[in-house]
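All of the numbers you see were taken from the coordinates with simple rules; none came from a lab. All values derive from a computational prediction rather than experimental measurement. Reconstructed Cβ throughout: ideal geometry from the backbone, glycine too, with neighbour counts over all protein chains shown.
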Protein chains: 2
Amino acid sequence: MKIERVTESLSLKRDLDSGTEQQRQAVLEILANVKKQGDEALLAYTEKFDGVKLASLKVSPEEIAAAYEVIDEELVCYIREARDNIYNYHRRQVRQSWITTETDGTILGQKITPLDAVGVYVPGGTAAYPSSVLMNVIPAQVAGVGRIAMVSPPGKDGKLPAGVLVAANECGVKEIYKVGGAQAIGALAYGTETIPRVDKITGPGNIYVALAKREVFGDVDIDMIAGPSEIVVLADGEANPAYIAADLLSQAEHDMRASSVLVTPSLELAERVAVEVEKQLATLPRKEIAAQSIRDYGAIYVTETMDQAIAAVNELAPEHLEIMTTDPMSIIGQIRHAGAIFLGENSSEPIGDYFAGPNHVLPTNGTARFSSPLNVDDFVKKSSIISYSKKAVLANGHKIAALARLEGLEAHARAVEERLKS
Amino acid sequence: MKIERVTESLSLKRDLDSGTEQQRQAVLEILANVKKQGDEALLAYTEKFDGVKLASLKVSPEEIAAAYEVIDEELVCYIREARDNIYNYHRRQVRQSWITTETDGTILGQKITPLDAVGVYVPGGTAAYPSSVLMNVIPAQVAGVGRIAMVSPPGKDGKLPAGVLVAANECGVKEIYKVGGAQAIGALAYGTETIPRVDKITGPGNIYVALAKREVFGDVDIDMIAGPSEIVVLADGEANPAYIAADLLSQAEHDMRASSVLVTPSLELAERVAVEVEKQLATLPRKEIAAQSIRDYGAIYVTETMDQAIAAVNELAPEHLEIMTTDPMSIIGQIRHAGAIFLGENSSEPIGDYFAGPNHVLPTNGTARFSSPLNVDDFVKKSSIISYSKKAVLANGHKIAALARLEGLEAHARAVEERLKS
């Protein structure tokens, strides 16, 4: 890995694939056909794009039972434990509706209401991750969402991956549909005979899925379009180079455009990590991907001081931040921008990907400056409550009317003054 | 107003202006020039579009002092009272960072961090509302945002409206810039010599502002693109027709595309409201706008039962909902989708626009199904905290490695296993 001194402002931003005009047109056509023809269009597109003619879109109880034959019993137990950890963490985020009452009779408040229905997209092929099922489904369930519909493109055998089915079933997902791509997004946004429409769609996908999500936004809500994964490790001279190298490589194996960065005031550590990365890389099954990611988007920045290193982290605003210093808790208050913060040498990033409880759907590409991990708030609405008594309106009505007139809105003023008439 | 029986599914959705290709190209050019030339571009565009050659973009203390000469002292007091009400309401929304600790040393949590900097756009001309200044600025301040930069296009006299300046000053806004349009959005997103960049931009604007916000989204966060205003009144036979008519008209005067709807099981009330609307409309200064809005987007729906009326409200998912029944609190639990809910006959909607405390920036165009009023959460990030002890990783590391291998991510498994050595 390159070792550099920080000389100018840092950024993890990469241009995201925004698709070609041809891809956009293809997506618009698919969405229009799904809106018009419903299930018929879904089945036709599945035959065309996934190479399989399905009799039914909905996954049957038999298919779920068959998935359990494939997945090791111990793994099912680990999935359950991960599920419980994720559930317990997100449960802490739940907010209650609240009101304030005043002696003049005024009541103000916020009514928290879960979304009616949410759609979760799970990509196909090697990116069909059981962990993504848990991370997208559980916050919605904890929020109290009434209906969760999962969609995923079937393989040529007409099946979904066993791990995905087991994870969905362990969460209690009742609606699982074998449909992917832009057509699945159309089904979730507009509804078909088999798949009722939802209010929000979450989950990652390829460029067609991303373009379709952008198009249906407004009809339904969507989550953020994610960029490649990132990790920044902030370490002092005491940190373990083998741990750091292993964690950098765990990001690098995701994607050739993933970004793995070490920031440290210790040149000695920097050099030892660089050696460890080469050593560990050599035996990785996905070493081509990881090596290219490290070469193109990896970096080791050496700073003069720890404060400079912390400033560099805030400039990078990473998706994942590991703090490997002797007292990581003493630094956390200085971290302004990071999706997930891992403290101490034992808190390896994959612990958060799979098991600890916090969400692994995190802001990428510098958006940690203003965005949060997927959370329970993403699946509720907060409606305002306003109740004014006669007494309150008599005391304040003339003020409100005056403010309305300042803005030239006479009907607003009169609406309030109507209440002031005996 | 038309009185109709509800026969099919209802919607307040209108096609929003998404701009022409020509407008989009103009916006892209403006943004590129602002990025390249900074203040110079801002001053040139202000001369071109606003017809005024400015010496300085920043509003001076003298300009603010002059604004107080224009605004009635009593009005300033009302603005202060509104500000305090808004502040007190939003203060209730503030969340604390939290952690959980376990006996094995595991610490999980959520770190709440305010955004570094926020930009507030205030439209020019007759839409320069002091109330919008309060509603956009205060939630950001309550969240703890460090820097708030307000932008608004100057008039031909090179000034901003006095009411806007007074409202901003009463909130303690220190940075106010005389620049509007796409160029103002570019300045906030990329920064110029005078205007440092921000992390999020809120506030309404014309089509150029809306297109510019869409373009810079990703570099910065933006709020929702708002549609025309809407009110739905849910009333029983006991409700006061003059109150309802006045409130319907207060929405209708906003915009020819605003939507004012009454839903009631009482045909008698429906007929009396229709008469009242005509009567009150006749003397309104903005009667042309209100009349066209009522004609094109107004409706009175008469249902068989109150339950049907409530179902209609949920289908409409209005921005503003007034419940004018004898016991409105008994109905609130059945309301699933509404931006702001006004309870009882005294709670006229303009009370919420100006004074009560809850935000008047609300989800429109059916998005109340999945969106919330502007609130403190919109100005913070919630970073995850994960700290695993040696004990915790020894107990759970093999499970995490197994889950990683199920997904084919060997480097993830090895990163955790590195901690299990010796």
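Annotations
- Spatial separation of Cα centroids for the range A:388-409 and the range B:231-250, in angstrom: 17 Å
- In the assembly of identical copies, A:Lys36 has its label point, taken 7 Å from Cα in the direction of the beta carbon, separated from the corresponding points by 4.3 nm (ascending, one decimal).
- Of B:Leu16, B:Leu406, B:Leu160, the one that fluctuates the most in a GNM where chain B has Cα springs shorter than 10 Å: B:Leu406
- For B:Val263, the residues whose modelled amide H falls within less than 5 Å of its own, excluding neighbours fewer than 5 places apart on the same chain, are B:Val233, B:Leu234, B:Ala235, B:Tyr301.
- Among residues other than A:Val220 with Cβ under 14 Å from its Cβ, the summed charge is +2 (Lys and Arg +1, Asp and Glu -1).
- Residue mean of other protein chain beta carbons inside 10 Å, B:356-362: 4
- Chain B - Kirkwood radius from inverse mean 1/r over Cα pairs (Å): 24.2 Å
- Karplus-derived 3J(HN,Hα), 6.51/-1.76/1.60, for each residue of the range B:359-372, Hz, glycine and proline x: 6, 9, 7, 10, x, 10, 6, x, 6, 5, 4, 9, 10, 10
- Under 5 Å, built H, 5+ apart or other chain: amide partners of A:Cys171: none
- Residue among B:Val166, B:Trp98, B:Val142 farthest towards the positive dipole end of the range B:21-222, charges placed on Cβ: B:Trp98
- Given B:Lys35/B:Lys178; A:Lys13/A:Lys178; A:Lys287/B:Lys111; B:Lys213/B:Lys381; A:Lys111/A:Lys200, the pairs whose alpha carbons are separated by over 23 Å: A:Lys13/A:Lys178; A:Lys287/B:Lys111
- Per-residue mean of C-beta atoms belonging to partner chains within 10 Å, peptide A:328-334: 2
- The sum of -39500 (n - 2.57) across all DSSP H runs of n ≥ 4, divided by the residue count of chain B, sets its helix-only mean residue ellipticity at 222 nm to -13500 deg cm²/dmol.
- Protection proxy ranking of A:252-259, B:145-152, B:229-236 - average other beta-carbon atoms within 10 Å, highest first: B:229-236, A:252-259, B:145-152
- At 7 Å out from Cα toward Cβ: A:Gly105 inter-copy label distances (nm, ascending): 6.2
- Each part gets one Cα centre, and for the range B:320-376 versus the range A:264-282 those centres are 57 Å apart.
- When A:Pro196 is represented by a point 7 angstrom out along its Cα-to-C-beta vector, the spacings to that point in the other copies are 5.1 nm, nearest first.
- For B:Ser347, the residues whose modelled amide H falls within less than 5 Å of its own, excluding neighbours fewer than 5 places apart on the same chain, are A:Tyr388.
- Dipole of chain B, positive end: most advanced residue of B:Asn314, B:Thr7, B:Gly298 [Cβ charges, Cα centre]: B:Asn314
- Computed from label points 7 Å out along Cα-Cβ, the spacing between B:Glu4 and B:Trp98 is 4.5 nm.
- With each label modelled as a point 7 angstrom along the Cα→C-beta vector, the B:Gln25-A:Glu193 pair spans 4.6 nm.
- The relative contact order of chain A, computed from alpha carbon pairs under 8 Å that lie at least 6 residues apart in sequence, is 21 percent.
- Counting beta carbons within 10 Å around each of A:Leu28, B:Leu134 and listing the fewest first gives the order A:Leu28, B:Leu134.
- Where rotation carries A onto B, the chain A residue whose Cβ is nearest that axis, in whole Å: A:Asp377, 3
- Number of partner chain Cβ atoms within 10 Å, mean per residue of B:245-252: 5
- Panel values: the protein assembly as shown, Kirkwood radius from alpha carbon pairs, Stokes-Einstein at 10 °C and 1.306 mPa s, translational diffusion coefficient 56 µm²/s.
- Between the range A:32-110 and the range B:109-179, the alpha-carbon center distance in angstrom: 40 Å
- Average silhouette area of the range B:311-377, convex hull of alpha-carbon atoms, in square nanometres: 4.7 nm²
- Using the Karplus relation 6.51 cos²θ - 1.76 cosθ + 1.60 with θ = phi - 60°, the per-residue 3J(HN,Hα) values for the range A:165-178 come to 5, 5, 4, 5, 5, 5, 8, x, 5, 9, 10, 10, 10, 8 Hz, with x marking Gly and Pro.
- Karplus-based coupling profile of the range B:307-318, in residue order and whole Hz: 4, 5, 5, 5, 4, 5, 4, 5, 5, 6, 6, x, with θ = phi - 60° in 6.51 cos²θ - 1.76 cosθ + 1.60 and x standing for Gly or Pro.
- Normalised by residue count, the range A:175-266 yields a Cα convex hull volume of 137 Å³ per residue.
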